1. If you line up the long axis of helix 151-161 against the longest principal axis of the chain, both from Cα atoms, how many degrees apart are they, to the nearest 10?
2. For the chain, please report how many Lys pairs fall under 28 Å Cα to Cα, leaving out neighbours fewer than 8 apart on the same chain.
3. Using θ = phi - 60° and the Karplus form 6.51 cos²θ - 1.76 cosθ + 1.60, what ³J(HN,Hα) does each residue of segment 270-277 get, whole Hz, x for Gly and Pro?
4. Could you please state, rounded to a whole Å, how far the C-alpha centre of segment 77-124 is from the C-alpha centre of segment 200-255?
5. Using the number of other C-beta atoms within 10 angstrom as an exposure proxy, rank Cys131, Cys261 with the fewest first.
6. Gaussian network model of the chain, Cα springs within a sub-10 Å range: biggest mean-square fluctuation belongs to which of Gly272, Gly97, Gly205?
7. Would you compute, from DSSP H runs of 4+ residues alone, the mean residue ellipticity of the chain at 222 nm, taking -39500 (n - 2.57) per run and dividing by the full residue count, rounded to the nearest 500?
8. With the chain treated as a Gaussian network of Cα nodes joined by springs under 10 Å, which of Glu199, Glu241, Glu259 yields the largest mean-square fluctuation?
Amino acid sequence: MYDLLILGSGPAGLGAAIYGIRAGMELAVIDRSPVSGGQVLTTYEVDNYLGFPKISGGDIADKFHAHAQQFGVSFIIAEVSGVTLEAERKVVHTDKGDYEARTLILATGATHAMLGVEGEQRLAGMGVSYCATCDGAFFRKRTVAVVGGGDVAVEDAIFLAGICQKVYLIHRRDTLRAAASLQDRLFSQENVELIWNSEVKEISGEDMVERITVYNKERNEESTLENNGIFIAVGINPNTERFRGLVEMDESGYILADESCVTSAAGVFAAGDIRKKPMRQIITAVADGANAVNSARKLL
Ligand code: NDP
């Protein structure tokens, strides 16, 4: 039986692994993907992680993984289907069998939200994308739209501006939620056009995205934008479905835990984007990993 099993190998999970190894714990990290990093892998550029003024998401994820490997962290590549809690024993069920530990850190992160409009599902992968860094290159010198007003939408629009002929950024309000420094960079892109106070109503095209219908709430007016692709960046949903009933969550599925990462279930800790908290950044995810291990260590 392990002292600690960490579910998820994003910044929170790997941060926890390093602190756990240093605390002398017998531990393993379980992730369905052999490539660590979580959402960081789909980030074009990171410029706010201490010590790395400018680094690609893929490169910083590689560094996190290499750091954990150097410290002797074991990785189990398996899909977690559920968890059973007993007083002294937590059993993690996976497609590769069951694993047991005295404590658990849940660090399975979050995935992109969908817009839920007509055409979105039908044209997914045919011009509808949720990852600009993964799919942006397919739209070289073409016209695309980005939807959202957060860090991800603005980062995506900046990244795509360097590849595409024209980028529309469609946001439902008249102010962006993204960091001021990102906004400054966005506003200096000549080929980005902001479409404020607007919602996407429909994505259409036969086999590929050809146009989107946009509704301007202020003018109460619908219009059509001809374009080749749409990048949807309207937030994230926590990957906590399989932990329902195990620990307390809010109405959106974020696990209730303060900075100590202690959840409502004894011996189970929540770290990173799955925890209800005000800031979801790489640096706060890594910090959660350290805090969760500190709480687990006290319990052990
Ligand atoms: P956010 O929740 O920050 O932003 C989502 C955006 O989408 C908001 O502007 C929101 O509008 C808009 N939106 C939500 N639902 C809809 C809808 N149905 N239709 C239209 N628009 C919608 O999500 P992000 O994905 O941008 O970022 C997720 C988290 O990751 C954030 O905490 C962010 O700070 C973090 N992040 C951290 C980075 C780093 O550490 N370097 C890099 C990138 C992201 P409204 O503003 O009106 O609510």
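Rule-based calculations on the coordinates, nothing more; no lab input. No experiment lies behind these values; they were computed from the predicted model shown. Every residue, glycine as well, gets a Cβ built from its backbone with ideal geometry; the counts of neighbours run over all protein chains shown.
1. Orientation of helix 151-161: about 50 degrees from the principal axis.
2. 17
3. So the J values, rounded to whole Hz, are 10, 10, x, 5, 7, 8, 5, 7.
4. Comparing the Cα centres of segment 77-124 and segment 200-255, I get a distance of 22 Å.
5. Cys131, Cys261
6. Gly97
7. Theoretical 222 nm ellipticity from helices: -7000 deg cm²/dmol.
8. Result: Glu241 has the largest fluctuation of those listed.
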